[in-house]
Amino acid sequence: MGPDAAGLDQIEQVFTSVISVMVGLGFVALLVLLVLAGFKYLTSGGEQKAVQQAHLTVTWALLGILFMAIAWLLLQLIENFTGIKVTTFDIKSLCEVGGKQFCK
């Protein structure tokens, strides 16, 4: 016989991995955009339109990372005030209602 079918633990691991990869890709995108903006600044030759475009690239890259940080802080704030673990993906806790287990 082959291995057992995937269960809730494996689904949780997949979601946790996907979220970790997405956050990592967000930081990689930030780094790429900042390097690209620096390259635009260096190659602009003082041209006002090119400098403005590079400035906008830096602005949007920093705003993106700021929004990611604010989202994380909001989740932490919700978790601290309510006691509900919103930063941890746990299907089994959703399956328990009134002490009864509905998922297997």
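Every number in this text was worked out from the coordinates using simple rules, so none of it is lab data. Not measured: the values here are computed from a predicted model. All Cβ positions, glycine included, derive from the backbone under ideal geometry; neighbour counts span all protein chains shown.
Values computed for the structure shown
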{"quantity": "For L25, L34, order by how many other beta-carbon atoms lie within 10 Å, fewest first", "calculated": "L25, L34"}
{"quantity": "Cα gyration tensor shape of the stretch 27-82, rounded if a/c is under 1.5, else prolate or oblate by comparing a/b with b/c", "calculated": "prolate"}
